[in-house]
Every structure is written in C-alpha cells, then in structure tokens.
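These notes are about the structure you will find just below.
No value in this document is a laboratory result; all are computed from the given coordinates. Not measured: the values here are computed from a predicted model. Reconstructed Cβ throughout: ideal geometry from the backbone, glycine too, with neighbour counts over all protein chains shown.
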Amino acid sequence: MVFAVIMLLIGVSSAFGAEYSVDTAHSDIGFTVAHMVISKVRGAFDNFTGSFNVDEKGKLTSAEAVIDVKSIDTRNGKRDADLRSANFFDVANYPTLKFKSTSVKVNADGSYTVKGNLSIRNVTKEVDLMGNITGPSKDPWGNTRIGFSARGLINRKDFGLLWNKTLETGGLLVGDEVTLSLEGEGVLKK
C-alpha cells in the first residue's frame, strides 16, 4: 500500500515541472464572430500544433501554438474559401497563425490570465487569454495528461482583416470582435 502511494506521488510530481504537447485529436481551437448583426458564425482550425509548460507546483508557466490557416472550417466551403483569400487571412502569403505567451498570471480563483503575442497576417499584437488547467490524470495507456480551457477576445481589424460590407440596415456583414476559444488536452512529453 505504501509503495502504491509513493509510486502515485512520483507519477504526479513528474507531471509537474514539465512540457506538454497539445493532443490535437482531443483539442479544438475555435472562434465566433457576429454575422449581419443578428447572429454568430462559428468556426475552427483543424490543423495545429502546440505545447505548454507547468512548474513543479503544477502552475502554468508558458504556452505556444502554430495554426495552419488553410485548415479553417466554418461548415461552409464557399465561406471558408473566402476566409482563405486575400479578403481575410490571405493564406497564400500568410499560411500560419502563431501564439507565444509572454507572461502567465494566476488569478485569485485559480484561473490563469495568459498574455502573449498573436501573429496573424504578419501583424503581431498582444492578447489576453483567460482559462484553466485541470489534472494531471493518467490515461489507460500510461500517459500523463492535463486539460486546458481558454477564451480571448480580439479585434480582427487590428490584424489587417479589414474586408466588410455595409448592410441595408446600416450594420456590418461581419463583426469586428472575434471570440477565441481553446479546449483540449496536453500529453506529458517523455
């Protein structure tokens, strides 16, 4: 019994002070933006890589991600093609989005505020992501995992995503504010 407890503690302590790779099969990077002032369009990026670090106490210390913009999916092929075009992301010239944290603050409720540089279309701006990590937990194959969840808000015009149309009612076809959402799991690098 004592041996089992010691082994459990060794496993948990080795989960801290380590780097985790984002498990893309169990993770999502999505966004939401207003459409015609009356509704919202949701989308996601299907291809990305990422990693994050936690310290010896289990506190998040850094995070980064690279997103393949061609993998954008809003469940509408015509819209996705337009988003890939020079009207929006211009994937021919800017095929990736990048995020790299610059600081991590632990909030009073245990959540995190991650400040970092987000690069879209070769424009880099500081953004805040608010979120949580959970775990660690062992999966059935012996891998150590930590869950993550984060949200952020950006203005697409800050990154050169300027295209829009004025509606007959005076509103805009596409909203300026974009909500970012990240959900998933990281696997301890061995």
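Some observations on this one:
- Residue-averaged 222 nm ellipticity for the chain, from DSSP H runs of 4+ at -39500 (n - 2.57), nearest 500: -3500 deg cm²/dmol
- Under conditions of 10 °C and 1.306 mPa s, segment 122-180 yields 107 µm² s⁻¹ as its translational diffusion coefficient, taking Rh as the Kirkwood radius over Cα pairs in the Stokes-Einstein equation.
- Other-chain or far-sequence residues with amide H under 5 Å of Phe48's (modelled H): Asp68
- Pairs spanning more than 32 Å between alpha-carbon atoms, out of Lys78/Lys189; Lys100/Lys138; Lys40/Lys125; Lys98/Lys190; Lys78/Lys138; Lys78/Lys115: Lys78/Lys189; Lys78/Lys138; Lys78/Lys115.
- Convex hull (Cα only) mean projected area of the chain, reported in nm² to one decimal: 13.0 nm²
- Note, ³J(HN,Hα) from phi for segment 99-113, Karplus 6.51, -1.76, 1.60, rounded to Hz, x at Gly and Pro: 10, 9, 5, 10, 7, 9, 10, 8, 7, 4, 8, x, 6, 10, 10
- Using θ = phi - 60° in the Karplus curve 6.51 cos²θ - 1.76 cosθ + 1.60, the 3J(HN,Hα) couplings for segment 152-164 round to x, 10, 10, 9, 4, 5, 4, 10, x, 8, 9, 4, 6 Hz; x is entered for Gly and Pro.
- Footprinting exposure proxy for Arg84, Arg42 (fewest neighbouring C-beta atoms within 10 Å first): Arg42, Arg84
- If you run the Gaussian network model on the chain, springs between alpha carbon atoms under 10 Å, then out of Val174, Val33, Val123 the most flexible one is Val123.
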